[in-house]
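S.K.: Pasting a structure here, questions to come.
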Amino acid sequence: MRIGELASRAGVSIRSVRYYGEQGLLASTRSSSGQRHYTDDEVERVAFIQRLYAAGLSSRTIVELLPCVDAPSRENSDSALERMAQERDRLSTHIDDLVRTRDVLDALVVTAREHREHLGTAPAG
């Protein structure tokens with residue numbers, strides 16, 4: 001199938017399919033006229049890549065996980081599980097940082113509101 005059909009069947013943009021190819025996430029063959037051609041299996045692969053992106057993984061990390069899909073083995077599976085655990089830890093740290101940042105902002109909002117209340121009661125000068 002051509003790139004447009006793959007994009008349509010997978011529910012992504014043609015631009016996304018091209019990007020996946022550029023990042024080494026998706027392979028295609030080329031016709032004599034240079035058009036990309038994909039197999040039916042690529043529809044499922046694009047859906048899988050989409051799930052990995054939705055989980056917050058970068059294309060670089062996804063490339064590291066794909067051997068588990070492309071060449072299933074205990075070693076590749078263990079490697080993928082370890083990499084996903086590292087990513088989860090990274091996301092948890094980021095979430096903790098965001099919560100701390102939100103808490104600081106909340107404190108600033110309280111201070112700003114208190115200051116605003118005092119403006120309403122101060123004599124005009």
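S.K.: Can you tell me the order of 94-101, 82-89 when each peptide is scored by its average per-residue count of other Cβ atoms within 10 angstrom, highest first?
M.R.: So the order, starting with the most tightly packed, is 82-89, 94-101.
S.K.: Quick one: Cα centre-to-centre distance for segment 1-63 and segment 93-111, in angstrom?
M.R.: 38
S.K.: Taking 0.36 nm per residue of separation and subtracting the Cα-Cα distance, what length does fully extending Glu22 through Arg83 add?
M.R.: Result for the pair: 19.8 nm of gain on full extension.
S.K.: For Rg/Rh (Cα atoms, Kirkwood Rh), the choices are (1) 1.06; (2) 1.32; (3) 0.92; which was calculated from the structure?
M.R.: (2)
S.K.: Rounded to the nearest 0.05, what FRET efficiency do Thr111 and Ser13 have when you use their Cβ-Cβ distance and R0 = 41 Å?
M.R.: Details: r = 45 Å, r/R0 = 1.09.
FRET efficiency, Thr111 to Ser13: 0.35.
S.K.: On a 0 to 90° scale, report how tilted helix 41-54 is relative to the longest principal axis of the chain, with both axes built from alpha carbons and the result rounded to the nearest 10.
M.R.: The helix 41-54 is inclined about 20 degrees to the chain.
S.K.: Return the distance in nm (one decimal) between the two label points of a simple spin-label model at Ala54 and Leu91, each offset 7 Å from Cα along Cα→Cβ.
M.R.: 1.2
S.K.: Go through 32-41, 16-25, 108-117 and give me the packing order, highest mean Cβ count within 10 Å leading. Walk me through the numbers on the way to the answer.
M.R.: On the way: 32-41: 11.4, 16-25: 16.6, 108-117: 9.7.
Ranking, from highest mean packing down: 16-25, 32-41, 108-117.
Each value in this text was obtained by applying a stated rule to the coordinates, not by laboratory testing. Please read these numbers as outputs of a predicted model, since none were measured by experiment. Cβ atoms come from the backbone with ideal geometry, glycine included; neighbour counts cover every protein chain shown.
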